[in-house]
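Inspection log for the structure reproduced underneath, given as structure tokens.
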Amino acid sequence: MSSPETLEIRTEPDIVSVRQAVRACSVSIGLSLIDQTKMVTAASELARNTLQHGGGGQARLEILDERGRKGVRVTFEDRGPGIANLELALRDGYTSAGGLGMGLGGSRRLVNQFEIHSEAGHGTRVTITRWK
Amino acid sequence: MDARIPILKMGPFLLVTIQVELQDQLAMQLQTDLTERVSATSAKGVLIDISSLEVVDSFMGRMLSTIAAMSRILDAETVVVGMRPAVAITLVELGLKLSGVRTALDVERGMQILRARALADGANEQP
Amino acid sequence: MADINTNRIFEVISQHENELLDEWVAELAAPGGRGFPVADARAQAKEFLGLLTDALRRGDGAPNGGPAWAPMRALLETVSSERGTAGFTPSETATFVFSFKKPLFARIRRAFDKDPEALFSELWTATRLLDQLGLLTTEAHQKSRDEIIRRQQEDMLELSTPVVKLWDGVLALPMIGTLDSQRTQIVMETLLQSIADTGAQIAIVDITGVPTVDTLVAQHLLKTVSAARLMGAECIISGVRPQIAQTIVHLGVNLGDVITKATLADAFRVALQRTGQSITRPVAAGAQP
């Protein structure tokens, strides 16, 4: 396992930085262009969620190497209000107040592994993984 | 430095080429600038070239739909051109529908669509 | 598999680790065996012994299952894939483990030469242990071979889905054989890239040669159509046989406004129409206009 890289998500330009970092990791393990695009897009969605719904947070990037199989893992964490109804949020087409789709259900389809932990009042942590 | 995305006038149409990662401020600025130009020039169509974009997320998608909606109110049709295959596949998987947005392969095709529509409108206006 | 009682083996090995290592490396470098480069062999043998004593110390059952054996399994996989890549056969790689038997058995004999019962019991334990470890390398070889085959199949898939230009602005993708999820995805990517490369406005996906379509495949085809639309091109699905039409309805798949035609010819006609083209028949000389 390569040493993880942590990025702060406090401003809009930070979302762009997260995208670029995820792109770099994906390229380094040789993901196909389509898989790269899916991973970067999912990361963009989740980074934006962290910023706009979580009040800011962090993204931790890791390059995985398990039994010769390479992968990219990104964990988004915030101390925001949390998601009260996870099931609802993961449903397609769900839009929270403010007219901004949370993009969780869609992001889940773009990656191989998707884990989310969230509790109202305690923040949210989402981990996405894409394997080669 | 106040960076703005340039808007080119091509006859009755406006052309915007998005080459950088659009952030909130830049996006809002583009929306404002475009609606002002459409109104000022009575443009009949807006072409948005996204052939340089490697990633289009839901924020960008919503922005494109918003531009299309605003332009339509001002009687201009919006055509988004040059979407890359990887982006198209990802958007479908994401479940994002670009509502109210027509698409074309490139600027030339996009212009054809706009011209055809302008012609049809012109024909409808014949007394 | 019943647990192997390895306590006494553990003592024998841990007490004589260095000598065992030397003797083992000598076995590996002996003529008759395929020469492992001594430096490499020594390093890996040393690691092997270290992991072996670790796992034995925890007395955690058989190498195939126990979590204490995970690092050992990982080492053997590495050894296997390195040797495999270097062109060694599975047997030659397994010899890496089996050649440890001679030095180990010699030690065991010396330790238990006054006690035939114990001697037999420990030799039996040792052989079971090393057999399992040796077989793990063979399994690892198998796995990597399978991986290579899988990748070659993937390459073949790519080659077997050619996209042809039927006419100006019209592409056709004849699909033949059973469609599975993976193949349909590759097809989708190939087709969309062709649309981008050639600037085609219409892509006809012909499934005449496809015997059955399941929900997953139907969904993939629909996604292909949606993605093509986002790019500004239109897809027509042709060659839909009655059975497939039935399956699609029974599966409850909603084709929406996707154009489907029974034959490639019909689809081509529509494609020409949509691209504003037509084929005219020349008037024969002397015929009435």
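Helix A:33-52 versus the longest principal axis of chain A: what is the Cα-based angle in degrees, 0 to 90, to the nearest 10? Roughly 30 degrees between the two axes.
Counting residues in the protein assembly as shown as N, plug N into 2.2 N^0.38 Å and put the Cα Rg over that result.
Values: Rg = 31.8 Å, N = 548, 2.2 N^0.38 = 24.2 Å.
Computed over Cα atoms of the protein assembly as shown, the ratio equals 1.32.
The angle separating the long axis of helix C:181-198 from the principal Cα axis of greatest extent in chain C is about 50 degrees.
Against chain A, whose longest principal axis comes from its Cα atoms, helix A:12-28 is set at around 30 degrees. Between the range B:56-127 and the range C:93-169, the C-alpha centres lie 57 angstrom from each other.
To the nearest 20 Debye, how big is the dipole of chain C about its Cα centre, given +1 on the beta carbon of each Lys and Arg and -1 on that of each Asp and Glu?
Values: 28 positive and 34 negative charges, 153 e Å.
Charge dipole of chain C: 740 debye, to the nearest 20.
Taking label positions 7 Å along the Cα-Cβ direction at both residue B:74 and residue C:26, the computed distance is 9.0 nm, reported to one decimal. Normalised by the number of residues in chain A, what is the relative contact order in percent for Cα pairs under 8 Å and 6+ residues apart? Over chain A, the number comes to 27 percent.
Fewest first, what order do A:48, A:19, A:91 take by the number of other Cβ atoms within 10 Å?
On the way: A:48 23, A:19 20, A:91 12.
Placing the least packed residue first, the sequence is A:91, A:19, A:48.
Counting each DSSP H run of 4 or more residues in the protein assembly as shown as -39500 (n - 2.57), what helix-only mean residue ellipticity at 222 nm follows after dividing by all residues, to the nearest 500 deg cm²/dmol? Working shown, then result.
Numbers: 19 runs with 292 residues, N = 548.
That calculation yields -17500 deg cm²/dmol at 222 nm.
One Cα centroid belongs to the range B:1-44, the other to the range C:258-276; the line between them spans 38 Å. Here the spin labels are modelled as points 7 Å beyond Cα on the Cα-Cβ line, and at residue C:53 and residue C:118 they lie 2.0 nm apart.
Is there a quick way to get the dipole size of chain A? I mean about its Cα centre, with the Cβ of Lys and Arg at +1 and of Asp and Glu at -1; what is the value in debye to the nearest 20?
Working: 17 positive and 15 negative charges, 83 e Å.
The dipole magnitude comes to about 400 debye.
Partners of residue C:114 within straight-line reach, counting aspartates and glutamates whose Cα lies under 18 Å from its Cα and excluding those fewer than 8 residues away in the same chain: C:11, C:122.
Are any of the pairs C:102/C:143; B:44/B:97; C:165/C:261; A:38/B:97; A:38/A:132; B:97/C:223 more than 21 Å apart by Cα-Cα distance, and if so, which? In this structure, C:102/C:143; B:44/B:97 lie more than 21 Å apart at Cα.
Every number in this text was worked out from the coordinates using simple rules, so none of it is lab data. Only a predicted model underlies this, so the values are computations on that prediction, with no experimental measurement involved. Here the Cβ is made from the backbone with ideal geometry for all residues, glycine too, and neighbour counts use every protein chain on show.
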